[in-house]
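Below is one structure, written out as structure tokens; comments come after it.
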Amino acid sequence: MAKKSAKSDAVDKANGFLSRLIDISDGKGISPIYQAVSPAIEKLCAVNSVLPGSGNPLASDDPEVALQDLIGFKTVADLQEIIDASDAVTSAFNSYFGASIKSFAHLVGEDTITATSLTKVYETRRADEVTEQNKLLTSTADFQRRLIDAAGKLTIPLTVSPPIADKAHKKFEPFGFLFVPVDGKNIDHTGLYDWQTEPIFDPKSEDAALFERIYGWIFEKKLDPAVILANLAKSPFNTDSVALAKLFGRLYDLTNRQIDQSKKILTYIEKDFKMYQSCMDAGIELQAMIVEIGKFFGFTVGKASSVKKATK
């Protein structure tokens, strides 16, 4: 089998980056921002193949020799072409990064982002949400366990309500937010279960407080369940077995829905996080390659005026 050409290798490497730099508006296809500079990415991948450490046995340690090879074999016309390609891709990175952050802020609520480092935005917000949802899961599951124990003592039947169907996430166009402040408090949520979904179960609600009193009579005062039921039916409680069953049923339904919601939110945020983080990792890796090219040929990426002549 014939070996692939250097051009083919550069194309494959460029496509490897582009396949990870997806369109964050719907999570599909290549980002339009990076599609526009794909020839520059391919060119830079080819240039990178002559850097020391690239694995290319024909690579030179001398920037001047390496540049002459690139020019001689028609990869680039001159050093300025490399600089221009680097600047174009760096500009795309900045636009894409800005759009990603704005898109993410729209999704999770701008006021929930606490990371001071932009590269930590996704990781930090995800960690906060995972902590919050796991805390909700634990506390709600504990409440439900006590609810079931109390219902058993009082012989109250508990039934599971049908689950609520999921709603599809809406497509979001991030590029309109490049220079527009995002107010996370006034943004429509993108689905039934998402980063901004409010908790369903409130452990401090009136119903929950009534249950806690009943639970205390059963398991702390250790009163006979028959005595509890008989006295609840009298004044001032006026709560018969039917009303008590409705109270327990409401709480059981809410705790079930909260547990289901928190589990689904954890699934959604993991999917969202992987998409955003993977895109950013790809962009950073690409930029790291460009910075190395700049160091080797003596120019600062994004600052063409600081070029050091590699050739005379």
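The values are calculated or read from the model by the stated rules, or taken from the named source; none is laboratory data. As the structure is a computational prediction, the values presented were derived from the model and not from experiment. Cβ sites come from the backbone with ideal geometry, for glycine too, and all protein chains shown count toward neighbours. For the accessible areas, the whole protein counts, side chains as well, though only heavy atoms, and no ligand, DNA or RNA atoms are used. Shrake-Rupley method; radii C 1.70, N 1.55, O 1.52, S 1.80 Å.
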Note down all Cβ pairs under 6 Å where the first residue falls in segment 130-143 and is within 9 Å of SER262 (Cβ to Cβ), the second is open to solvent by less than 50 Å² (accessible area, probe 1.4 Å) and part of a helix (DSSP H, G or I), and they're at least six residues apart or on different chains. GLN133/SER262; GLN133/ILE265; GLN133/LEU266; LEU136/SER262; LEU137/SER262; THR140/THR255; THR140/GLN258; THR140/ILE259
Number of the condition not met by VAL65 [criteria: (1) open to solvent by 60 Å² or more (accessible area, probe 1.4 Å); (2) of a type in the set (Val, Ile, Thr); (3) touching a strand residue (DSSP E or B) at 6+ places or on another chain (Cβ under 7 Å)]: (3)
One residue is enough: does segment 99-109 have a residue meeting the conditions over 26 Å from GLN196 (Cα atoms), touching a residue at least 60 places away in the same chain (Cβ under 8 Å) and either more than 18 Å from the chain's Cα centre (by Cα) or open to solvent by 20 Å² or more (accessible area, probe 1.4 Å) (or both)? no
Checking GLU206 against (1) within 30 Å of PHE17 (Cβ to Cβ); (2) over 31 Å from the mean Cα position of the chain (by Cα); (3) among the acidic types (Asp, Glu), only one condition comes out false. Which one? (1)
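Got a sec? Which helices (runs of 4 or more DSSP H) wholly within segment 1-82 have at least 2 residues that are under 21 Å from TYR96 (Cα atoms)?
Per the criteria, 6-20, 32-35, 38-48.
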Listed residues GLY294, GLY249, GLY298; which is on the phi > 0 side of the Ramachandran plot and surrounded by 13 or more Cβ atoms within 10 Å (Cβ to Cβ)? GLY298
Is one or more of the residues making up segment 46-56 at pLDDT 90 or above, within 18 Å of PHE299 (Cβ to Cβ), open to solvent by 30 Å² or more (accessible area, probe 1.4 Å) and not aromatic (Phe, Trp, Tyr)? yes
Considering SER91, SER19, SER60, which residue is open to solvent by less than 50 Å² (accessible area, probe 1.4 Å) and hydroxyl-bearing (Ser, Thr, Tyr)? SER60
Can we say ASP253 is within 15 Å of PHE201 (Cα to Cα), assigned to a helix (DSSP H, G or I), within 21 Å of the chain's Cα centre (by Cα) and touching a residue at least 40 places away in the same chain (Cβ under 8 Å)? no
Take segment 232-246 and flag every residue that is open to solvent by less than 70 Å² (accessible area, probe 1.4 Å) and either assigned to a helix (DSSP H, G or I) or touching a residue at least 60 places away in the same chain (Cβ under 8 Å) (or both). LEU232, ALA243, LEU244, ALA245
Hey, among the residues in segment 110-121 that are open to solvent by 20 Å² or more (accessible area, probe 1.4 Å), part of a helix (DSSP H, G or I) and free of Cβ contacts under 8 Å to residues at least 60 places away in the same chain, which one's nearest to SER38 (Cα to Cα)? LEU118
Filter segment 124-165 down to residues that are among the hydrophobic types (A, V, I, L, M, F, W, C) and not in a helix (DSSP H, G or I) and give me whichever is modelled with the highest pLDDT. ILE156
